[in-house]
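Engineer: Sharing a structure below in structure tokens format, with a few things to ask.
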Amino acid sequence: MTHTANRPVAGRINSTAILAIILISYFMILLDNSIIFTGLPSIQSSLGYSATGLSWVQDAYTLVFGGLLLLGARLGDIFGRRRVFVSGLAIFAIASFLVGVAPNGWWLIAARALQGVGAAVVAPASLSLLTASFPPGPERTRAVAWYGAAAGIGASLGLVIGGALADWVSWRAGFFINIPIGIAMIALAPRFIPETEPNSGRFDVAGAVLATLGMTALVFGTVNSAEAGWTSPITVATLAAGAILLTLLFLNEARAEQPIMPLRLFRSRERSGAYAARMLYLGAMIGFFYFTTQLLQGVMGFSAFQAGIAFFPMTIVNFAVAMLIPRLTPRFGNSAILSVGIAVTLAGMAWLSLVHPGSTYLTAIALPMILIGAGQGLAFAPLTSAGISGVEAEDAGAASGLVNTAHQLGSALGLGILVAVSAGAGASADDATTALTDHVSTALTAGTALLAACLVIVLALIVPATRTRSTTKQFEQEKGNRDVALVDRG
């Protein structure tokens, strides 16, 4: 069958409305990914979870979200991105209601898994719709900057909202707020977002199965390692199964007529570097939120709400810096901004890792957070832009899926690594406060190492690739000018 690229159906375009719908929907997904952290103690006490059972409240969401991302991205390419986007929002809103009314533990975990299904559809669809709706240039730079700001702010604001609602109302309230938001976006999307034409080709069934099972096995093994350890038979078996399945996926994609994960996306050093760098960066960031929250509540005596508010310095700086990206990019270039952003984040994380039992919030946490927030504001949008750089319309969904897959896999894998590395830290401490501080400090030191590796990848892959592209573009422009001059003289 003939392959038809996805392209917007002709019609009136309201770019501001499109961007608002995409950002609010994506923000809702990210909010739920972190809102659970500060509410976990309340959930444990109200539903009687063990420590193991409680971890699955978050892990069920992460597992399904990460496992289905490539499939969710491909569905948008085949059936139309707006249609799939709206379907994902409906699933997410329904699942949020089921989480809010959960009468027992197994119901809550199942509903969180269903939320993961909706998120795996909405996240890649939102980015591919943004790519299709905004052409390369200043408009897309501005849209991606807002998208990157949503990625950074959603995580930290979720802690504030989750903590406030857990303290003042109920942990359930954080999920009920998704319902009116979801309904509003479902109503507005068909009105403002143009539909993309469905592809008339074949669906890569083998690729979909291998991608879903392989990603699920990899995420499950990583999540399990945080509790059972990296040498656990279940951890080793599932990670090995994930590696085998993903190897088979690459072999299948090399032969598939319309692959779920086109291997041509990896031919660009810039895109490949962006996927790897995003995994490392998000691995460090999820560890930052996870362990800093423990430090604030377990060592400094903050309540859930106070712990959420404690992240405000980072959130404010993050947003302010992210809004400067459209003006900074034309002047300094994407790769330079990205390099500085990761370096600033690295400096903040290294400072934060020096925390000790006598540390104060201002000097040991708030000031490093400002650096981390500035670094996030600089890094997220360029990372996203690099991940979709030079992508044809027909591959927009797949590239968006890979960006989000790197995001979720990096979060799961990074947290597993940091938990495993810090597991024995503080064991010889004289009191619980010192033990927890040592534990957090060790984890944040490992997070600093992940950021250092991220910076190396950016400097080794993304920076040279963007320089080569700029040189080529400049040469072509100069050649075009010379040709025009020759024609004029002729």
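The values are calculated or read from the model by the stated rules, or taken from the named source; none is laboratory data. Quantities reported herein were computed from a predicted structural model and do not represent experimental measurements. Cβ placement follows ideal geometry from the backbone for every residue including glycine, while neighbour counts extend to all protein chains displayed. Surface areas here come from the heavy atoms of the whole protein model, side chains and all, with no ligands, DNA or RNA. Shrake-Rupley method; radii C 1.70, N 1.55, O 1.52, S 1.80 Å.
Engineer: Given +1 on the Cβ of Lys and Arg, -1 on the Cβ of Asp and Glu, and no further charges, what dipole in debye does the chain carry about its Cα centre, rounded to the nearest 20?
Structural biologist: 1200 debye
Engineer: Taking a probe of 1.4 angstrom, what is the accessible area of Ile417 in Å², to the nearest 10?
Structural biologist: Result for Ile417: roughly 60 Å² accessible.
Engineer: Still on this model: Can you pull the percent of the range 264-482's accessible area that's carbon plus sulfur, 1.4 Å probe, other chains left in place?
Structural biologist: 64 percent
Engineer: Grab every C-alpha pair in the range 264-482, bin the distances at 10 angstrom width from 0 up to the longest one, and report whole percents.
Structural biologist: Result returned by the calculation: 9, 31, 32, 17, 8, 3, 1, 0.
Engineer: Loop by DSSP (not H, G, I, E, B), at most 13 other beta-carbon atoms within 10 Å: where is the longest site-free stretch of the chain for trypsin sites (Lys or Arg not before Pro)?
Structural biologist: 203-490
Engineer: Moving to a separate point now. What is the spread of the Cα atoms of the range 44-106 along each of their three principal axes, largest first, in whole Å?
Structural biologist: Answer, in whole Å and largest first: 43, 21, 11 Å.
Engineer: Turning to a different aspect of this structure: Express in whole angstrom the spacing between the alpha-carbon centres of the range 418-464 and the range 268-334.
Structural biologist: When both Cα centres are located, 15 Å separates them.
Engineer: Ordering Val121, Val236 by how much accessible area each has at a 1.4 Å probe, largest first, what is the list?
Structural biologist: Val236, Val121
Engineer: Now a separate question. Nearest 10 degrees is fine. How inclined is helix 51-79 to the longest principal axis of the chain, computing both from alpha carbons?
Structural biologist: 10 degrees
Engineer: Heavy atoms only, probe 1.4 Å: what % of the accessible area of the range 14-195 goes to carbon and sulfur, would you let me know?
Structural biologist: Here it works out to 73 percent.
Engineer: Something else now. Give me the compactness ratio for the range 390-472, meaning the Cα radius of gyration over 2.2 N^0.38 Å.
Structural biologist: 1.61
Engineer: Ok, one more. Take the solvent-accessible surface of the protein heavy atoms, probe 1.4 Å, and return the percent of it on the range 205-259 that carbon and sulfur atoms account for. Provide the component values of the computation, followed by the final result.
Structural biologist: Working: 1990 of 2590 Å².
Reported share for carbon and sulfur atoms: 77 percent.
Engineer: Ok, one more. Among rounded, prolate and oblate, which fits the range 205-259 when a ≥ b ≥ c are the square roots of the eigenvalues of its C-alpha gyration tensor, a/c under 1.5 means rounded, and a/b larger than b/c means prolate? Please list the in-between numbers first.
Structural biologist: Numbers: a/c = 4.37, a/b = 2.92, b/c = 1.50.
Prolate is the answer for the range 205-259, as a/c is 1.5 or above and a/b outweighs b/c.
Engineer: While we're here: Could you calculate, for the range 14-195, the ratio of the Cα radius of gyration to the Kirkwood radius, expressed as Rg to Rh?
Structural biologist: That ratio equals 0.99.
Engineer: Here's something else I'd like to know. Check Ile193: other-chain or 5+ apart residues with amide H under 5 Å from its amide H, H built from backbone geometry?
Structural biologist: So Ile193 has HN proximity to no qualifying residue.
Engineer: Same structure, new question: Project the alpha carbons of the range 144-289 onto their principal axes and report the range along each, largest first, in whole Å.
Structural biologist: 53, 48, 28
Engineer: Could you check how many percent of all C-alpha pairs in the chain are farther apart than 43 Å?
Structural biologist: Across the chain, Cα pairs with separations above 43 Å total 12 percent.
Engineer: To the nearest 10 degrees, how steep is helix 205-228 against the longest Cα principal axis of the chain, on a 0 to 90 scale?
Structural biologist: Computed tilt is about 30 degrees.
Engineer: Also, I was wondering about something else. State in Å² the accessible area per residue of the chain; use a 1.4 Å probe, count heavy atoms of protein chains only, and round to the nearest integer.
Structural biologist: Value returned for the chain: 39 Å² of accessible area per residue.
Engineer: Taking the Cβ of Ala73 as the center, what net charge do the other residues with Cβ under 13 Å away carry, scoring Lys and Arg +1 and Asp and Glu -1? Intermediate values should be presented prior to the final figure.
Structural biologist: Details: positive: Arg74, Arg81; negative: Asp77, Asp204, Glu394, Asp395.
Net local charge, Ala73 excluded: -2.
Engineer: When the gyration tensor of the range 250-329 is built from Cα positions, what are the square roots of 5 times its three eigenvalues, in whole Å, from largest to smallest?
Structural biologist: The three semi-axes for the range 250-329 are 38, 19, 10 Å.
Engineer: With every protein chain left in place, what is the accessible area of Thr131 in Å² (1.4 Å probe, nearest 10)?
Structural biologist: It works out to around 10 Å².
Engineer: Using a 10 angstrom Cβ neighbour count of at most 13 plus a DSSP loop assignment to flag exposed GluC sites (Glu not before Pro), which longest range of the chain is free of such sites?
Structural biologist: It works out to 1-256.
Engineer: Helix 138-168 sits at what angle to the longest principal axis of the chain, using alpha carbons and giving 0 to 90 degrees rounded to 10?
Structural biologist: Between helix and principal axis, roughly 20 degrees.
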